[in-house]
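**Student:** The structure follows.
The values are calculated or read from the model by the stated rules, or taken from the named source; none is laboratory data. These numbers come from a predicted model, not from an experiment. Quick reminder, even Gly has a Cβ in these numbers, built from the backbone with ideal geometry, and neighbours come from all protein chains shown.
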Amino acid sequence: MNWYDERVAPRLIDAVCSWGGLERYRREVTAGLAGTVLEIGFGSGRNLPYYPASVTHVYAVEPSPQAWHDAQAHVAAFPGVVELIGTEAADLALPDASCDHVVSTFTLCSVADERGTVTELARVLRPGGTLRLVEHGLAPSPRVARWQWRLDGLERRIAGGCYLTRDPVAALTRVGFEGRWSRSGFRVAHTPWSYVTVAELARPS
Ligand SMILES: C[S@@+](CC[C@H](N)C(=O)[O-])C[C@H]1O[C@@H](n2cnc3c(N)ncnc32)[C@H](O)[C@@H]1O
């Protein structure tokens with residue numbers, strides 16, 4: 001990994017992820033969770049303060065040592081166990097059906113192997129377990145989508161491999177996840193980054 005991707009990109013990404021406007025999404029995707037949660041793309045642990053006390057164990061997957069280092073204050077304040085189990089969401093060191101929930105906030109946009117990742121998430125989630133997601137993606141507006149395709153390569157280079165043109169809910173349903181609820185829309189202005197989906201999907205029993 002080069003110096004930019006190792007030191008600069010994680011800080012840049014974390015600065016964007018620290019924006020207060022994302023708080024309501026973090027609250028929504030963590031509400032009502034209980035038991036064992038797998039969080040992919042753990043970043044600097046910005047979801048941890050929102051997990052209810054009923055979440056007892058968080059398996060974190062995060063490739064950036066810088067982000068994991070920056071997460072330590074949140075990890076120390078968390079009442080349950082937070083365990084870093086690996087660096088690659090497409091290759092999880094967990095047994096089948098070992099998690100009650102999966103949380104992914106602004107991460108499915110960035111995994112290099114999207115198909116491998118969603119297949120692994122289906123494997124480790126217990127039957128009936130749920131996946132909560134917040135993600136930006138390809139907009140239904142042709143004007144915005146045109147810009148997303150134009151900027152996609154540049155975004156991937158400067159923002160840790162982030163795609164602007166993915167449809168994460170479609171990727172999950174292709175491997176058998178069933179939608180429970182989902183809400184999509186432009187967060188603020190109509191920009192290539194602001195078409196956001198919040199969703200819950202379940203692994204069929
Ligand atoms: C935009 S950040 C979001 C961080 C955090 N989820 C949040 O909401 O603040 C995307 C995160 O995914 C991580 N990531 C990238 N590729 C990954 C992979 N293959 N497996 C797991 N995490 C990955 C990045 O290191 C980064 O921390």
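**Student:** Under 6 Å by Cβ, and 6 or more places apart or on different chains, what pairs join a residue from the range 104-131 that is acidic (Asp, Glu) with one that is more than 12 Å from the ligand (Cβ to nearest atom)?
**Tutor:** What qualifies is 114/171.
**Student:** Of the residues in the range 93-107, how many are more than 9 Å from the ligand (Cβ to nearest atom) and either in a loop (DSSP other than H, G, I, E, B) or more than 21 Å from residue 177 (Cα to Cα) (or both)? Lay out the reasoning, then the answer.
**Tutor:** Step one: filter the range 93-107 for residues more than 9 Å from the ligand (Cβ to nearest atom), giving 93-102.
The next check asks that each one be either in a loop (DSSP other than H, G, I, E, B) or more than 21 Å from residue 177 (Cα to Cα) (or both); those that pass are 93-98.
Looking only at that region, the number is 6.
**Student:** Restricting to the range 64-79, what's the tally of residues that are buried (at least 19 other Cβ atoms within 10 Å of the Cβ) and either of a type in the set (A, V, I, L, M) or at pLDDT 95 or above (or both)?
**Tutor:** Of the residues in the range 64-79, 3 are buried (at least 19 other Cβ atoms within 10 Å of the Cβ) and either of a type in the set (A, V, I, L, M) or at pLDDT 95 or above (or both).
**Student:** Out of the residues in the range 117-164 that are basic (Lys, Arg) and loosely packed, with under 15 Cβ neighbours inside 10 Å, which is nearest to residue 102 (Cα to Cα)?
**Tutor:** Result: 157.
**Student:** How many of the residues in the range 109-128 are more than 9 Å from the ligand (Cβ to nearest atom) and not in a helix (DSSP H, G or I)?
**Tutor:** Qualifying residue count for the region: 4.
**Student:** For a quick check of your reading: which helices (runs of 4 or more DSSP H) sit entirely within the range 1-89 and have at least 1 residues that are more than 12 Å from the ligand (Cβ to nearest atom) and touching a residue at least 24 places away in the same chain (Cβ under 8 Å)?
**Tutor:** So the answer is 23-30, 72-77.
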